[in-house]
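Presented below is the structure to which this report refers.
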């Protein structure tokens, strides 16, 4: 085979692998335990909480999830899993408890924020800020 054919085959294989990884993300739902899913947000969604959540988002979340939560942060393309678009209805339909659980526990490329943000109220404020990402 000539170099051009090898290059075309290599690029095609890499694209296929990327597509497969994206499909894997879609087939690997993030299961949240019922107790966590049903947990109520103890932090009122007000201007103060949303501002605190936005500041934390800018520091800890924006690089992957993007400034507006659309999964288009500067590091998003480097991840093996899709950061997700938080403006979509399926994300906005999740309970506050589910979003808090995912933020706290993490999985795959998504780190656990229990140690980085040990204050639970601050993580709940991030949930309140995520709620502002509606389309």
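Here are the numbers:
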| item | result |
| --- | --- |
| Some residue of region 122-129 being outside any helix (DSSP H, G or I) and modelled with pLDDT of 95 or more | no |
| Residues that are farther than 18 Å from residue 29 by Cα and not in a loop (DSSP other than H, G, I, E, B), drawn from region 67-89 | 76, 77, 78 |
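The values are calculated or read from the model by the stated rules, or taken from the named source; none is laboratory data. The shown structure was predicted, so the numbers you read here are calculated from the model rather than taken from an experiment.
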